[in-house]
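Chemist: The structure that follows is given in the form of structure tokens.
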Amino acid sequence: MGKICILGGGKIGSLIATLLVECEDYEVVLGDVDPEVVARLKGEIAHDHFQVSSVDVQDTTALGRFIDSVGPEGIISCLPYFCNQAVGEQARACGAHYFDLTEDVEVTRKIREVSEGASSAFVPQCGLAPGFISIVAHELMTRFDSVDIVKMRVGALPVNPSNVLKYSLTWSTDGLINEYGNTCYGIENSREVPLLPLEGYETIAIDGLLYEAFNTSGGLGTLADTYAGKVRTMNYKTLRYPGHCEKIYLLMNDLKLNDDRETLKRILEKAVPKTLQDVVLIYTSVTGLRKGELYEENFVQKIYPQTIAERLWSAIQVTTAAGMCSVVDLVFERPGQYRGFVTQETFDLPSILANRFGRYFQPDDSCS
């Protein structure tokens, strides 16, 4: 059995642990700083191959002792982005594979530095976006002789919005603010360029419903690095119900809360409800030449909450955890194939969709 250490037992970490132990091929030890989370998970995941303990990951000495006691072959960080560099350094020290969910561009660059010369795999930006969306875009691009435009759009939205933001908190508030406030990157005129968050506004109709899309940070993953000079235009935007962007712009920029993120976090967590009744929208469009003619291919999918291990999990939990677990599974299935820094686009879409965890992304005929 593969031995996995998961750090962080929140919305995503708990489902990743559930999926891995339920398949009977992994032994999972999860660490979390919150005693209430530890107690809850002991009751919720009653499995012979699962253990959970208290650990403060921001205490590097305690973190090192915990990881040494586990002796993992792989470490999965489900922590806020600012904790990941320390976890990556611990993974390098013990020779374990490393995986994270970060959308933060600078943290990913740090992980790339940590991974130089490593014999194990360092795979940041797993999950949905970045993560699965990069794998989809790369797959579509391989079907063209030359690629002109790549559009990547993802949104996790409440099915029945009832507040002025038309939004519910479905994942990390720190990560959400990061996406709305940090510099974005894309490709314009075949060159990688910085883009302003909350700009690039557009509308898009999916299944007859209108959504808005705008620049957010991190969702492009490493694709801009991989395809600079090879694609004329590439960008990633977040999907929301119309009107959301204008109100977030007011909070982030006009009221200058991008400069006071702790206050913004408190406001959002106090005023915006959580929900398990969500929908994840995945939209990718690639335009380019094939045998001298201009073609477009799309991948469009809606994913809803699902019951796993007799519990209902939100769509964003399912898609993020499935993105992580499918990549982990492929790394463990193919020993020695993945070493050092590994981008999401390294993994091919057919292998992800054929994987036991990737089946949660099955697009029916949307990419055939």
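Chemist: Tell me which residues, restricted to segment 97-119, are farther than 24 Å from Thr183 by Cβ and free of Cβ contacts under 8 Å to residues at least 60 places away in the same chain. Give the derivation first.
Modeler: Let us first name the residues in segment 97-119 that are farther than 24 Å from Thr183 by Cβ, namely 97-99, 116-119.
Selection gives Tyr98 alone.
Chemist: Another one. Being open to solvent by 10 Å² or more (accessible area, probe 1.4 Å) and in a helix (DSSP H, G or I) is the filter here; which residues of segment 109-123 pass it?
Modeler: Answer for segment 109-123, where residues must be open to solvent by 10 Å² or more (accessible area, probe 1.4 Å) and in a helix (DSSP H, G or I): Arg109, Lys110, Arg112, Glu113, Val114.
Chemist: So in segment 238-258, with the set limited to residues that are over 17 Å from Cys184 (Cα atoms) and in a helix (DSSP H, G or I), which one is nearest to the chain's Cα centre (by Cα)?
Modeler: Step one: filter segment 238-258 for residues over 17 Å from Cys184 (Cα atoms), giving 240-244, 246-247, 250-251, 254-257.
With in a helix (DSSP H, G or I) added as a condition, the list becomes 244, 246-247, 250-251, 254, 257.
Numbers: His244: 21, Glu246: 25, Lys247: 24, Leu250: 26, Leu251: 24, Asp254: 29, Leu257: 24 Å.
This residue is His244.
Chemist: Right, here's the next one. Yes or no: Lys166 basic (Lys, Arg) and out of contact with any Gly (no Cβ under 9 Å at 6 or more places or on another chain)? Write out each step before concluding.
Modeler: Details: basic (Lys, Arg): yes; out of contact with any Gly (no Cβ under 9 Å at 6 or more places or on another chain): no.
Judged against the criteria, Lys166 is not a match.
Chemist: Pick from Ala321, Ala315: which is in contact with a helix residue (DSSP H, G or I) (Cβ under 6 Å, 6 or more places away or on another chain), touching a residue at least 60 places away in the same chain (Cβ under 8 Å) and either farther than 29 Å from Ser190 by Cβ or among the acidic types (Asp, Glu) (or both)? Break it down stepwise before answering.
Modeler: On the way: Ala315 fails: in contact with a helix residue (DSSP H, G or I) (Cβ under 6 Å, 6 or more places away or on another chain).
Exactly one residue qualifies, and that residue is Ala321.
Chemist: Still on this structure: Which is aliphatic (A, V, I, L, M) and in a helix (DSSP H, G or I), of Ile177, Ile187?
Modeler: Numbers: Ile187 fails: in a helix (DSSP H, G or I).
Exactly one residue qualifies, and that residue is Ile177.
Chemist: Could you tell me which of the residues Glu179, Glu212, Glu199 is within 28 Å of Leu268 (Cβ to Cβ), under 18 Å from the mean Cα position of the chain (by Cα) and acidic (Asp, Glu)? Give the steps one after another, and end with the answer.
Modeler: Details: Glu212 fails: under 18 Å from the mean Cα position of the chain (by Cα); Glu199 fails: under 18 Å from the mean Cα position of the chain (by Cα).
That would be Glu179, the only listed residue that is within 28 Å of Leu268 (Cβ to Cβ), under 18 Å from the mean Cα position of the chain (by Cα) and acidic (Asp, Glu).
Chemist: Separate question: Has segment 216-237 got any residue that is open to solvent by less than 30 Å² (accessible area, probe 1.4 Å), over 16 Å from the mean Cα position of the chain (by Cα) and over 17 Å from Val136 (Cα atoms)?
Modeler: Within segment 216-237, none of the residues are open to solvent by less than 30 Å² (accessible area, probe 1.4 Å), over 16 Å from the mean Cα position of the chain (by Cα) and over 17 Å from Val136 (Cα atoms).
Chemist: Out of all the residues in segment 3-23, which are open to solvent by 10 Å² or more (accessible area, probe 1.4 Å) and part of a strand (DSSP E or B)?
Modeler: Passing the criteria: only Lys3.
Chemist: Follow-up question, since we're still on this one. Considering only residues that are out of contact with any strand residue (DSSP E or B) (no Cβ under 6 Å at 6 or more places or on another chain) and at pLDDT 95 or above, look in segment 130-142 and name the one that is farthest from Val327 (Cα to Cα).
Modeler: Our first condition is that a residue be out of contact with any strand residue (DSSP E or B) (no Cβ under 6 Å at 6 or more places or on another chain); within segment 130-142, this holds for 130-132, 134-135, 138-139, 142.
Filter again for at pLDDT 95 or above, leaving 131-132, 134-135, 138-139, 142.
On the way: Gly131: 9, Phe132: 9, Ser134: 13, Ile135: 11, His138: 15, Glu139: 15, Thr142: 20 Å.
Selected residue: Thr142.
Results for (1) surrounded by fewer than 22 Cβ atoms within 10 Å (Cβ to Cβ); (2) in a strand (DSSP E or B); (3) over 17 Å from the mean Cα position of the chain (by Cα), shown as yes or no for each residue.
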| position | (1), (2), (3) |
| --- | --- |
| Leu268 | yes, no, yes |
| Val280 | no, yes, no |
| Val286 | no, yes, yes |
| Ile316 | no, no, no |
| Thr319 | no, no, no |
| Gly323 | no, no, no |
| Val328 | no, no, no |
| Leu353 | yes, no, no |
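Chemist: Here's another thing I want to ask about it. Step by step: first the residues of segment 310-327, then only those that are of a type in the set (A, V, I, L, M, F, W, C) and touching a Leu at 6+ places or on another chain (Cβ under 8 Å), then the one that is farthest from Ala205 (Cα to Cα). Which residue is that? Break it down stepwise before answering.
Modeler: Looking only at segment 310-327, we keep the residues that are of a type in the set (A, V, I, L, M, F, W, C), and these are 312-313, 315-316, 318, 321-322, 324-325, 327.
Subset that is touching a Leu at 6+ places or on another chain (Cβ under 8 Å): 312-313, 316, 318, 321-322, 324-325.
Values: Leu312: 28, Trp313: 26, Ile316: 21, Val318: 24, Ala321: 27, Ala322: 26, Met324: 29, Cys325: 31 Å.
This residue is Cys325.
The values are calculated or read from the model by the stated rules, or taken from the named source; none is laboratory data. Note that the structure is predicted; figures quoted are calculated from it, not measured. Ideal geometry is used to build each Cβ from the backbone, glycine not excepted, and the neighbour counts take in all protein chains shown. These accessible areas exclude ligands, DNA and RNA; they are computed on the full protein's heavy atoms, side chains included. Shrake-Rupley method; radii C 1.70, N 1.55, O 1.52, S 1.80 Å.
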